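Accompanying notes for the structure given below.
Readers should treat all values here as calculations from the given coordinates under stated rules, not as data from a laboratory. On a predicted model such as this, the values are computed, not experimentally measured, just so you know. Cβ atoms come from the backbone with ideal geometry, glycine included; neighbour counts cover every protein chain shown.
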Amino acid sequence: MNFDLVDEFSPWEVCEATQKAAAVEAARRAFATVAYRKEWAGAGISDGDIGVETWSRLPMLSKEALVDAARTSLPYGGRLNVAPEHLAHVFVAPGPLFMPFTMADMEVLAGSFAKALAGCGLTSDDLVDQTTMYNWVIAATALDRALLKLGCGVVPGGVGQSERHIEVIKQLGITAIVAFPTFLEHVLEQASTSGHRLPLKKAAVMGELRDPQAKQRMHDTYGLTVREFYGVADVGAVAWECAVGNGMHLRDDLLVEFISPGQSNAVEPKPGSPAELVVTDLHRQAMPIIRLRTGDLVDGLMREPCSCGRSTPRFTRIVGRSSEITKVKGMFIVPRLVADVMQLQGLERPFRLVVERLEGSRDELSLEIAGEPFQDPTEFQTKVESALRIRLALKFVESLPDGGPRLLDRRFATGG
Ligand SMILES: [Zn+2]
């Protein structure tokens, strides 16, 4: 499939048609592997059935299935589609999950992140502190190569050691940083507390942005332009912000589908009705990735063209995980929305949402917050209820289990 004719500035319909045709080719290649052939045969699919019209019949792939397959059929779970001597990199994720890439795969992967980082505003003029992990996992290697592709200078700082980062950023005059948002904010705060003025001008952040205001806050407080990108280890960059900073554009050469959480039917993500992202890699040779459920949820898609000139649809952010979502009275309950309200109110307390089935099959949603009751909880409760679009009971409890789930659905529990 020739992608040279489309890019993120091509009309979206053209991108979509190209993606679908390329996805079919990728699925046909995947059919050559033992694992896909077995799984798809189980769903009554033969290679003649793989086509654009029949695409939605192809079974989805989950992270759990990848890990399970790797356990029974080491090391690649029957999904390796090239001779082992053609591998360039093998990354190791918890599971264990081994992720093989050929040299050509690495080029595509780095290319996807290069587009993402360019969208986030990084240029060849920047000297960049790359602060994600270099060992075993994919992130740093992919980002490092992407930065080189952009012509940036790279300082391979890696994870942790915020004081060392601060020192080096100052000494080298580093202008940009690639980081997880919590680490970035920690570095900025620490530098400011110890009286350092950092030369940083730009940041590209990935991963959980717990606080939707964080980007603006870092800009206002430290004069830093923060842009966000979203990636999935198996396929690379998936979406990224542009200079406008109003939503992350979907990648042009990746098939992204939206499905109802926990189901497999296609839905359009909407506020109050999030959808799970499912991705198909159009290029990958070493290990085809077809219809992988990411577990990540978005709750809206902006389809109107962006003023940056890109025509690819945008979503604002990841609102949660499909494992952390349930439906009560027809409404999706997303703990992240509660976290947002708490953050905006400056409340840092553990909480959890509990769903119970009362007599007469009535479902009740409670929000449990650890610690002393608020002075006047009514306003807070109204805010949470309007964020979740459902009424709930607010309860204050002495404590909540450390690191426990933020959502407990007791309706379908078989015990405990
Ligand atoms: Zn844009």
Distance-filtered residues of the range 308-328 - backbone nitrogen under 18 Å, label point 7 angstrom along Asp7 Cα→Cβ:
308-313
What value does the range 136-248 have for Rg/Rh, both radii from Cα atoms and Rh as Kirkwood defines it?
0.94
Which of Ser399, Ser260, Ser311 moves most in a GNM of the chain, Cα contacts under 10 Å?
Ser399
Using square roots of five times the C-alpha gyration tensor eigenvalues, list the equivalent-ellipsoid semi-axes of the range 217-342 in whole Å, biggest first.
23, 22, 14
Arrange the peptides 186-198, 214-226 so that the one whose residues have, on average, the most other Cβ atoms within 10 Å appears first.
214-226, 186-198
Simple SL model, points at 7 angstrom along Cα→Cβ for His219 and Met60; separation in nm is 3.4
Classify the range 326-412 as rounded, prolate or oblate from the Cα gyration tensor: take a ≥ b ≥ c as the square roots of its eigenvalues, call it rounded if a/c is under 1.5, otherwise prolate when a/b beats b/c and oblate if not.
prolate
Residue-wise, which Karplus ³J(HN,Hα) couplings in Hz belong to the range 183-189, taking 6.51 cos²θ - 1.76 cosθ + 1.60, θ = phi - 60°, and x for glycine or proline?
5, 4, 5, 4, 4, 5, 5
With a cut-off of 15 Å, note down the residues of the range 338-354 whose backbone N falls inside the zone around a label point 7 Å from the Cα of Ser386 toward its beta carbon.
338, 341-342, 344-345
What are the ³J(HN,Hα) couplings of the range 38-52, residue after residue, when phi is run through the Karplus curve with 6.51, -1.76, 1.60 and θ = phi - 60°? Round to Hz, x for glycine and proline.
5, 5, 6, 4, x, 9, x, 9, 10, 5, x, 8, 8, x, 4
Using helices alone, what [θ] at 222 nm do you get for the chain, with -39,500 (n - 2.57) per DSSP H run of 4 or more residues, divided over all residues and rounded to the nearest 500?
-9000 deg cm²/dmol
Go ahead and run the numbers for FRET between His86 and Ala41, Cβ-Cβ distance against an R0 of 22 Å, rounding to 0.05.
0.25
A correct Karplus calculation of ³J(HN,Hα) over the range 287-294, with 6.51 cos²θ - 1.76 cosθ + 1.60, θ = phi - 60°, whole Hz and x for Gly and Pro, returns 9, x, 10, 10, 6, 7, 6, 7
Collect residues whose amide H, placed 1.01 Å from N in the peptide plane, falls under 5 Å from the amide H of Leu61; neighbours closer than 5 in sequence don't count.
Leu292, Arg293
Unsatisfied cross-links (Cα-Cα over 27 Å) in the set Lys63/Lys215; Lys115/Lys202; Lys63/Lys383; Lys20/Lys270; Lys202/Lys270:
Lys63/Lys215; Lys63/Lys383; Lys202/Lys270
Give a quick list of GluC sites (Glu not before Pro) in the range 63-124 that DSSP marks as loop, anything other than H, G, I, E or B, with at most 12 other Cβ atoms within 10 Å.
none
If I model a spin label as a point 7 Å beyond the Cα along the Cα-Cβ vector, how far apart are those points for Leu127 and Glu359 in nm?
7.3
Hey, can you grab everything whose amide H is under 5 Å from the amide H of Val235? Only 5+ residues off in sequence or another chain; H modelled, so Pro and N-termini drop out.
none
Using only the Cα atoms of the chain, each taken as one equal point scatterer with no solvent, compute I(q) by the Debye sum, divide by I(0), and report log10 of the ratio at q = 0.08, 0.11, 0.12 Å⁻¹.
-0.49, -0.93, -1.09
Whose amide H sits under 5 Å from the amide H of Ala203, counting only residues 5 or more places off or on another chain, with H placed in the peptide plane?
Ile177, Thr225, Val226, Arg227
